[in-house]
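Data block below; observations after.
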């Protein structure tokens, strides 16, 4: 029992720095309420650990609590992240290569000081256990008064504590070890409920419309799913640095400046982007139990392929052609299980050179994924220096971090412009267009936050404002009826991930009952009539013919 009290004090004082620093701000000058909350948390944590203090259980429980708290406190204190259910989901799907960037010397030192040494001290401590029922009786004599006193402290300061916790819902998820353990349990229960999930069909009535049927050559739309790109660092959106020189040099590029994401992490945002559900309707369960954009395109007879240079499609591409670029271990563009995004371009060039069927190709970038920003671009795109050359961001100045991040955006600019140039190169064979949208943004030290994954309800704009860029070949504009000048005038209007599903269906002229024209970002600037082959004038057509599948 005494050991439980000491460990409880250790957990509250040494592994909850972020919790207390935020609590001090949120409670402002209401110190009595803050002290009451702290005392109540100590009493409650002590009660839980004491209730589990039995032979063969006490030490494992105490050591486990310390390991969880020490691990969580490193990431919470260093990067300002919150270990909630979605973050546990991110951890569950993280690849070895991605996780390796977080396994640093600073983390090892932190775990040695805050986890290993305390755990060894607990393991060496001798505990004299009473018989089970005697111990249960003694424990109850301590637990009952502790919980009663905890309740009285909360009750006596209820207005202050309730107001602070209601207005700042990010506070309690920061509390170690309860926050991470609770998040892991909720994630586990959610995963368990999905074990027998059956995916329901969507848009089985989909068919191609007259514009696509009369285009005269295969229509190819390349959908680039970006990674960790925030809108405010794109010069197309007014950023002071020239991070988009190649895109700005192209004609027929449209960039939207006011675009919000569905989530702050790939595991949420990527499925949401390709889902028929809007952000307000979306849930992980709905996304997993319903077919998505790529399936609807397939129902219409459009060939669809997903090329991945990231950590997978998060279930989106389970029923279509999928290729992981990171498996090309012999390529000079790949190293330690990760590849530069240029790995996608060679494959795209070869595919466009042999295309005979209308198709959608999804390119899933590695983009600007941190904290190792410096590994996301080659030396030729190391324009902004000095740049942070380590995943341990705390060792770099904010200027160095921003420089490294901006280099990733510069490289993404090159990738997007290259996709457009490849579509233009093969314009004798295909009518091409490109649409790019990032999954979420990134914090680069603003308000002490780094990386991404903050709970959406109070996530900063750096994590929720994303770039949305489109490019259209002249032949595509002519045959599919898109007016780029009109789109440019519409660029300031708010857009979001809600638009991607319906916009891509519109780009491929797929007709289906699940298509919502009001959510098609290009609909207002797309003619409803199709141009007949060889003519610039539009003519009404009907009776669309199906497209061959791959």
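The values are calculated or read from the model by the stated rules, or taken from the named source; none is laboratory data. These figures come from a predicted structure and were not determined experimentally. With ideal geometry, Cβ positions are generated from the backbone for all residues, glycine too; neighbour counts draw on all protein chains shown.
Which members of region 489-500 meet the condition of being at pLDDT 95 or above and surrounded by 14 or more Cβ atoms within 10 Å (Cβ to Cβ)?
495, 496, 497, 498, 499, 500
What number of residues within region 272-308 satisfy the criterion of being at pLDDT 95 or above and over 17 Å from residue 360 (Cβ atoms)?
First, the residues of region 272-308 that are at pLDDT 95 or above: 272-282, 290-308.
From what's left, over 17 Å from residue 360 (Cβ atoms): 272, 277-282, 290.
Number satisfying all stated conditions: 8.
Which ranges mark the helices (runs of 4 or more DSSP H) fully within region 187-297 that have 3 or more residues being surrounded by fewer than 21 Cβ atoms within 10 Å (Cβ to Cβ)? Spell out how you get there, then give the answer.
Working: elements: 210-213, 245-249, 266-273, 284-288.
Of the helices (runs of 4 or more DSSP H) lying wholly inside region 187-297, those with at least 3 residues that are surrounded by fewer than 21 Cβ atoms within 10 Å (Cβ to Cβ) span 245-249, 284-288.
Report, by residue number, each residue of region 19-35 that is in contact (Cβ under 8 Å) with a residue 60 or more places away in the chain and farther than 14 Å from residue 172 by Cβ.
30, 32, 33
Of (1) over 15 Å from the mean Cα position of the chain (by Cα); (2) under 30 Å from residue 75 (Cα atoms); (3) without any contact (Cβ under 8 Å) to a residue 60 or more places away in the chain, residue 502 satisfies all except one. Which?
(2)
Only one of 324, 331 is touching a strand residue (DSSP E or B) at 6+ places or on another chain (Cβ under 6 Å), modelled with pLDDT under 95, surrounded by fewer than 17 Cβ atoms within 10 Å (Cβ to Cβ) and over 21 Å from residue 498 (Cα atoms). Can you tell me which?
Of the residues listed, the single one that is touching a strand residue (DSSP E or B) at 6+ places or on another chain (Cβ under 6 Å), modelled with pLDDT under 95, surrounded by fewer than 17 Cβ atoms within 10 Å (Cβ to Cβ) and over 21 Å from residue 498 (Cα atoms) is 324.
Could you pull out the residue among 137, 156 that is in contact (Cβ under 8 Å) with a residue 24 or more places away in the chain and either over 27 Å from residue 34 (Cα atoms) or surrounded by 11 or more Cβ atoms within 10 Å (Cβ to Cβ) (or both)? If you could, list the steps in order and put the result at the bottom.
Numbers: 137 fails: in contact (Cβ under 8 Å) with a residue 24 or more places away in the chain.
Sole residue among the options that is in contact (Cβ under 8 Å) with a residue 24 or more places away in the chain and either over 27 Å from residue 34 (Cα atoms) or surrounded by 11 or more Cβ atoms within 10 Å (Cβ to Cβ) (or both): 156.
Could you list, in sequence order, the residues of region 421-461 that are touching a strand residue (DSSP E or B) at 6+ places or on another chain (Cβ under 6 Å) and in a strand (DSSP E or B)?
Within region 421-461, 431, 432, 433, 434, 435, 436, 437, 438, 443, 450 qualify.
Considering only region 354-395, how many residues are out of contact with any strand residue (DSSP E or B) (no Cβ under 9 Å at 6 or more places or on another chain) and either closer than 26 Å to residue 431 by Cα or not assigned by TED's automatic domain parsing to the domain that holds residue 324 (or both)?
So the answer is 2.
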